[in-house]
Amino acid sequence: MKHTFFSIFAALTLASCSNTSPDDLVDDTPITTTIKYTTDIFPIVESQCLSCHNDNSASGNNSYSSYTQFRNATENGNVIDRITRSVGDPLLMPQGGQLPQNSIDIILQWQLDGYLEN
């Protein structure tokens, strides 16, 4: 009886995991809210960009320490160009690897929404 219960439990556990793929882990929910710099963009910039692109160490002469600086770099196409390059491209930013697609989508939506600050 114990052996049968364990076998059924193991089979159900394995079956529940068998259809999981990496695609299941991607959040492809459409963005339905208006994107704003302070609440949506700055957390991405702070965690992914400011270590290299700050007022004290402006890699490539680009500081993203303020709304105006990041907006200007996004408007002129520099940010969008760099974050949408292919993995392996030496110009891809951030240097450690590509941003999560959701973060890229948020930045692109912010651009479409008109670069709202607050």
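Read the figures in this text as sums done on the coordinates, not as results from a lab. It should be emphasised that the depicted structure is a prediction, and the values quoted were computed from it without experimental measurement. All Cβ positions, glycine included, derive from the backbone under ideal geometry; neighbour counts span all protein chains shown.
How big is the Rg/Rh ratio for the range 59-118, C-alpha atoms only, Rh by Kirkwood, two decimals? Mind showing how you got there, number by number?
Numbers: Rg = 11.5 Å, Rh = 12.1 Å.
Result: Rg/Rh = 0.95.
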Once you list every other residue whose beta carbon is under 14 Å from the beta carbon of I35, what net charge do they have if Lys and Arg are +1 and Asp and Glu are -1? -2
Net +/- balance of residues flanking W110 in space, Cβ distance below 14 Å, scoring K and R +1, D and E -1: -3
